[in-house]
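The values are calculated or read from the model by the stated rules, or taken from the named source; none is laboratory data. The structure presented is a predicted model; accordingly, all values stated were derived computationally and were not measured. As a convention, Cβ positions derive from the backbone with ideal geometry for all residues, glycine included, and neighbour counts pool all protein chains shown.
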């Protein structure tokens, strides 16, 4: 039985879900997509379909000579075309009424606000690009961005895109070691960080973290520091390397060289490298290029969220994750949307912060994670009831499967029973949404991502790669290239092939278990590889185990994901201490802190259980499946391949004793 099939029992109840929600009549009558024939048209001639969408969505300096060059598994889209993402997100909106339309509406954790129009954004991106250029950044240079969720993050991303300098954004919650690993892998020459950021009333010391990271790197020439929190951060600046951003901007302004025309870039020019966890200890550098990515993100944003000119769109993701890249910055700004950016957390200073923002900024479209929704459910409906959220007209979910109870709570208590929900499935690797309702066409079912987006060819297959019947579980694959797809893993084509294209030759292996019901709707089971999905953040088990074993008290470690009603999955670690080490609560606390320091607070294990041995096969492979059985109180699966079957009973006894 495959892992996907094994997990399918959890979906039996889901597939009995009989609640149906057709599109509201008024929305359906005015939706961006109203003709159901779009699916068939896209399937009949995919290249013609994508070419038509590319002409509608993106402004090109030079047209393409060929829509798709496919030398499996390597794709080139819109071959020969020239384009610039910054031009598409900024410059082209200056003609007509959008020039003075808000592009970014920002609210900081302390309550400070900024509204940046498209005219303002044009000036800020030009000045930022001119300043980076004056500091030495040129086409092809890699720029690492380690910032809080502030407008400067989007401005610097767009400035890099303007210059043709690929950026790699590192989530501000990651540790100095994680930042250093990413800088070293892509050989970044420049870093843009800040003195700090606000989180629940405290300062996150981003500059201090950057200083620690740069002690482990050798490629960075210049570190640019944005002033966000002021003297509270206690910033130190290294002469000859560190530059204050506000001072650099002033110097550029004084020079009079504030205009920076966008580079005419090949459609396949790298736009960004974004690191995501893999099944080995080394994060994978996902490479996205410019033309196809812009087509995919802008089209899905427009169609799936039924975007209108007067919408206020809020995607709650941080720009350190792909959701922030695609649906905070590039997709919405390419469409000329008004986007909310928020620095803080949903529960500070109180658990109604999100709903206060919705009411204050008259948000019409909200896109957030099931993890957050489950937290809102736990806190209770009194918090959203404090605020007038009648401006909302559409809700979205992203990052992990959503259970029907959370889906219904979201609909009733946030959407007032009137807002359709678009539950979306996609990945860092796919670049844009792949499976989702179209709100003017699709009847939704709580817990299902529904149907593939027009032009996306997905399937569910068994271990051999054969399609499985409706109602059966299997592995999700993509059968045909799509414009926003990753092009490779940075500097490692072979790993790209092995990770995504070797299990089923000619098909992209998504790594997710999935079932289709009798109507062809997709229901996701979660990951089938050694990657955990914690609060919609992907974290590799190998990366976690490597962090644990790096502590001098640890001999071995195995990490699994366990169900968590808030985060979806939580991290559980089975640790074998070295001889003579006291396996007590103090060590438990020390190891949890150690992992948080090595990777970031998001990676701190929820629980650690000490054991004298780990279950291993005769070839030395740790049987994590049995550890999951123990942690979840299930009957143990097949132990016939273990080197010593008695170890499992011993671990079970030790685990239950520690639980007690």
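Brief remarks on what is shown
- Of the criteria (1) more than 17 Å from residue 318 (Cα to Cα); (2) within 20 Å of the chain's Cα centre (by Cα); (3) crowded, with 21+ Cβ neighbours inside 10 Å, which one residue 185 fails: (3)
- Qualifying position, being crowded, with 21+ Cβ neighbours inside 10 Å, more than 30 Å from residue 166 (Cα to Cα) and out of contact with any strand residue (DSSP E or B) (no Cβ under 8 Å at 6 or more places or on another chain), among 359, 372: 372
- Residues in region 270-304 that are in contact with a strand residue (DSSP E or B) (Cβ under 6 Å, 6 or more places away or on another chain) and over 30 Å from residue 543 (Cβ atoms): 291, 304.
- Residue 212 vs. criteria over 24 Å from residue 151 (Cα atoms), in contact (Cβ under 8 Å) with a residue 24 or more places away in the chain and assigned to a helix (DSSP H, G or I): yes
- Only listed residue being within 19 Å of the chain's Cα centre (by Cα) and in contact (Cβ under 8 Å) with a residue 40 or more places away in the chain, chosen from 371, 364: 371
- Scanning region 620-636 for residues that are in a loop (DSSP other than H, G, I, E, B) and modelled with pLDDT of 65 or more, we see that the one that is farthest from residue 541 (Cα to Cα) is 635.
- For region 279-300, taking the residues that are surrounded by 20 or more Cβ atoms within 10 Å (Cβ to Cβ) and assigned to a loop (DSSP other than H, G, I, E, B), the one that is modelled with the highest pLDDT is identified as 290.
- Residues (out of contact with any helix residue (DSSP H, G or I) (no Cβ under 8 Å at 6 or more places or on another chain), surrounded by 16 or more Cβ atoms within 10 Å (Cβ to Cβ) and part of a loop (DSSP other than H, G, I, E, B)) located in region 457-491: 462, 465, 468, 481, 487
- Checked against the criteria, residue 16 does not count as within 22 Å of residue 422 (Cα to Cα), at pLDDT 95 or above and surrounded by fewer than 17 Cβ atoms within 10 Å (Cβ to Cβ).
- The set of residues from region 523-559 being touching a residue at least 12 places away in the same chain (Cβ under 8 Å), touching a strand residue (DSSP E or B) at 6+ places or on another chain (Cβ under 7 Å), surrounded by fewer than 20 Cβ atoms within 10 Å (Cβ to Cβ) and not in a strand (DSSP E or B) comprises 529, 553.
- Within region 383-402, the residues that satisfy the criterion of being in a strand (DSSP E or B) and in contact with a helix residue (DSSP H, G or I) (Cβ under 7 Å, 6 or more places away or on another chain) are 395, 397.
- Residues of region 637-652 that are more than 20 Å from residue 608 (Cα to Cα), in contact with a helix residue (DSSP H, G or I) (Cβ under 7 Å, 6 or more places away or on another chain) and modelled with pLDDT of 65 or more: 637 alone.
- Residue that is nearest to residue 456 (Cα to Cα), among those in region 31-40 that are touching a residue at least 12 places away in the same chain (Cβ under 8 Å) and assigned to a helix (DSSP H, G or I): 39
- Conditions (1) modelled with pLDDT under 95; (2) surrounded by 18 or more Cβ atoms within 10 Å (Cβ to Cβ); number of the one not met by residue 380: (2)
- Hey, residue 48 touching a strand residue (DSSP E or B) at 6+ places or on another chain (Cβ under 7 Å), part of a helix (DSSP H, G or I) and modelled with pLDDT of 95 or more or not: no
- Selected residue (only one of 505, 446 is more than 30 Å from residue 31 (Cβ to Cβ), part of a loop (DSSP other than H, G, I, E, B), at pLDDT below 95 and over 21 Å from the mean Cα position of the chain (by Cα)): 505
- Residue that is without any contact (Cβ under 8 Å) to a residue 60 or more places away in the chain and surrounded by 24 or more Cβ atoms within 10 Å (Cβ to Cβ), where the choices are 206, 179, 163: 179
- Residue within region 414-427 that is over 23 Å from residue 22 (Cβ atoms), in contact with a strand residue (DSSP E or B) (Cβ under 8 Å, 6 or more places away or on another chain) and surrounded by 23 or more Cβ atoms within 10 Å (Cβ to Cβ) present: yes
- Residues in region 121-148 that are outside any loop (DSSP other than H, G, I, E, B) and in contact with a strand residue (DSSP E or B) (Cβ under 6 Å, 6 or more places away or on another chain): 121, 143, 144, 145, 146.
- Test: residue in region 322-334 that is touching a residue at least 12 places away in the same chain (Cβ under 8 Å) and assigned to a loop (DSSP other than H, G, I, E, B): no
- Residue count, region 500-517 (criterion: out of contact with any helix residue (DSSP H, G or I) (no Cβ under 6 Å at 6 or more places or on another chain), closer than 21 Å to residue 456 by Cβ and surrounded by fewer than 20 Cβ atoms within 10 Å (Cβ to Cβ)): 5
- Hits in region 109-120 (condition: assigned to a helix (DSSP H, G or I) and touching a residue at least 40 places away in the same chain (Cβ under 8 Å)): 118
- Among the residues of this structure, residue 572 does not count as one that is modelled with pLDDT of 80 or more, touching a strand residue (DSSP E or B) at 6+ places or on another chain (Cβ under 6 Å), surrounded by 13 or more Cβ atoms within 10 Å (Cβ to Cβ) and more than 27 Å from residue 538 (Cβ to Cβ).
- Residue 617 meets all of the listed conditions (1) surrounded by fewer than 18 Cβ atoms within 10 Å (Cβ to Cβ); (2) at pLDDT 80 or above but one, namely (2).
- Condition met for residue 238 (free of Cβ contacts under 8 Å to residues at least 40 places away in the same chain, surrounded by fewer than 22 Cβ atoms within 10 Å (Cβ to Cβ) and in contact with a helix residue (DSSP H, G or I) (Cβ under 8 Å, 6 or more places away or on another chain)): yes
- Considering residues of region 88-117 that are within 21 Å of residue 293 (Cα to Cα) and out of contact with any helix residue (DSSP H, G or I) (no Cβ under 6 Å at 6 or more places or on another chain) only, the residue surrounded by the fewest Cβ atoms within 10 Å (Cβ to Cβ): 92
- Restricting attention to region 241-256 and to residues that are touching a strand residue (DSSP E or B) at 6+ places or on another chain (Cβ under 7 Å) and more than 12 Å from residue 193 (Cα to Cα), the residue that is surrounded by the fewest Cβ atoms within 10 Å (Cβ to Cβ) turns out to be 241.
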